[in-house]
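The values are calculated or read from the model by the stated rules, or taken from the named source; none is laboratory data. This is a predicted model, so every value here is computed, not measured. Cβ placement follows ideal geometry from the backbone for every residue including glycine, while neighbour counts extend to all protein chains displayed.
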Amino acid sequence: MDAREMKIKAAAEALTHVEDGMRLGIGTGSTAEEFVRLLAERVAGGLKVEGVPTSERTARLCLELGVQLRSLDELPQLDLTIDGADEIDPQLRLIKGGGGALLREKIVAAASNRMIVIADETKIVDTLGAFPLPIEINPFGQVSTRIAVEALASRLGLSGALDLRKRSDDSLYMTDGGHLILDASFGRIPDADALAEQLNAIPGVVEHGLFINLASLAIIAGPAGARVMEPKI
Ligand SMILES: O=C[C@H](O)[C@H](O)[C@H](O)COP(=O)(O)O
């Protein structure tokens, strides 16, 4: 089974949790897009759901494939969100935002009764941090914000490059909300809870890619098939 087949496997398993009439949060990224494709087939077959997309990119795909969309303001409380992740630890804490959609993804996940993460098994780690942590910042005062993030990292014993995300043409990457992203290569984040809380206290930080206590279930696909992971207490 190649990487794409594993993503499809996880997405197909997640689809079994979707019921007629649900208000669905729809994630961003290559795995979430496999979910959208499978969901669209079910919608074409008569399933009725309303989706809230977590990015413009996901919205375009949903519209192209005929999945009915609403804004989060129209559907402020959702039944279920299905989304991918960049890293998943045994407590189902996540790093997200590799595709730049972390802010909307977190708002949508927090507005949902349940969040199911779908991923291939390469995303499972013992300790978060090998994947650079995306930190979404306001362009205003970005240098001061970077200095504050560096100082926080140093207080928590973390070190590593903070790279302002760029596009392939070397221009600055802007999120759907018009913000910048600092990718923090800490390597290992021993206390993700403390980092998450303290990043939220820096005024120029709009949001960060640590998703704590949001995922209720993960569906992880490997060569042998998909398995379900619940948060380890
Ligand atoms: O901003 C993007 C999201 O957090 C994605 O869900 C995450 O990067 C995983 O994407 P993929 O399924 O493409 O690995």
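Among the residues of the range 12-32, is there at least one that is within 12 Å of the ligand (Cβ to nearest atom) and of a type in the set (D, E, K, R)?
no
When you look at Val49, is it surrounded by 14 or more Cβ atoms within 10 Å (Cβ to Cβ), within 12 Å of the ligand (Cβ to nearest atom) and either not aromatic (Phe, Trp, Tyr) or not assigned by TED's automatic domain parsing to the domain that holds Ala109 (or both), yes or no? Even if it seems obvious, please write down each step before you answer.
On the way: surrounded by 14 or more Cβ atoms within 10 Å (Cβ to Cβ): yes; within 12 Å of the ligand (Cβ to nearest atom): no; either not aromatic (Phe, Trp, Tyr) or not assigned by TED's automatic domain parsing to the domain that holds Ala109 (or both): yes.
The answer is no for Val49.
Given the options Glu19, Glu13, name the one that is outside any loop (DSSP other than H, G, I, E, B) and of a type in the set (Asp, Glu). Steps first, answer last, please.
Values: Glu19 fails: outside any loop (DSSP other than H, G, I, E, B).
Glu13 is the lone residue from the list that is outside any loop (DSSP other than H, G, I, E, B) and of a type in the set (Asp, Glu).
Taking the range 68-109 as the region of interest, how many residues are within 14 Å of the ligand (Cβ to nearest atom) and surrounded by fewer than 18 Cβ atoms within 10 Å (Cβ to Cβ)?
Count: 1.
Within the range 190-201, count every residue that is buried (at least 19 other Cβ atoms within 10 Å of the Cβ) and touching a helix residue (DSSP H, G or I) at 6+ places or on another chain (Cβ under 6 Å).
The number of residues fulfilling the criteria is 0.
Being assigned to a strand (DSSP E or B) and polar (S, T, N, Q) is the filter here; which residues of the range 84-128 pass it?
Residues satisfying the conditions are Ser112, Asn113.
Please indicate, with yes or no, whether at least one residue in the range 53-67 is near the ligand (Cβ under 10 Å from one of its atoms), part of a helix (DSSP H, G or I), buried (at least 23 other Cβ atoms within 10 Å of the Cβ) and of a type outside the set (Gly, Ala, Ser). Break it down stepwise before answering.
Within the range 53-67, the subset near the ligand (Cβ under 10 Å from one of its atoms) is 54-55, 57-58.
Filter again for part of a helix (DSSP H, G or I), leaving 57-58.
From what is left, the residues that are buried (at least 23 other Cβ atoms within 10 Å of the Cβ) are 58.
Add one more test, that the residue is of a type outside the set (Gly, Ala, Ser), and what stays is 58.
The answer is yes; a qualifying residue exists.
Assess whether Val36 counts as being within 15 Å of the ligand (Cβ to nearest atom), part of a helix (DSSP H, G or I) and more than 30 Å from Ala224 (Cα to Cα).
Working: within 15 Å of the ligand (Cβ to nearest atom): yes; part of a helix (DSSP H, G or I): yes; more than 30 Å from Ala224 (Cα to Cα): no.
The answer is no for Val36.
Quick test for you: out of Leu24, Leu80, pick the one residue that is farther than 19 Å from Ile220 by Cβ, within 18 Å of the chain's Cα centre (by Cα) and in a strand (DSSP E or B). Working first, answer last.
Working: Leu80 fails: farther than 19 Å from Ile220 by Cβ.
Exactly one residue qualifies, and that residue is Leu24.
Just for the range 120-134: of the residues that are within 13 Å of the ligand (Cβ to nearest atom) and in contact with a helix residue (DSSP H, G or I) (Cβ under 6 Å, 6 or more places away or on another chain), which one is farthest from Leu39 (Cα to Cα)?
Result: Pro134.
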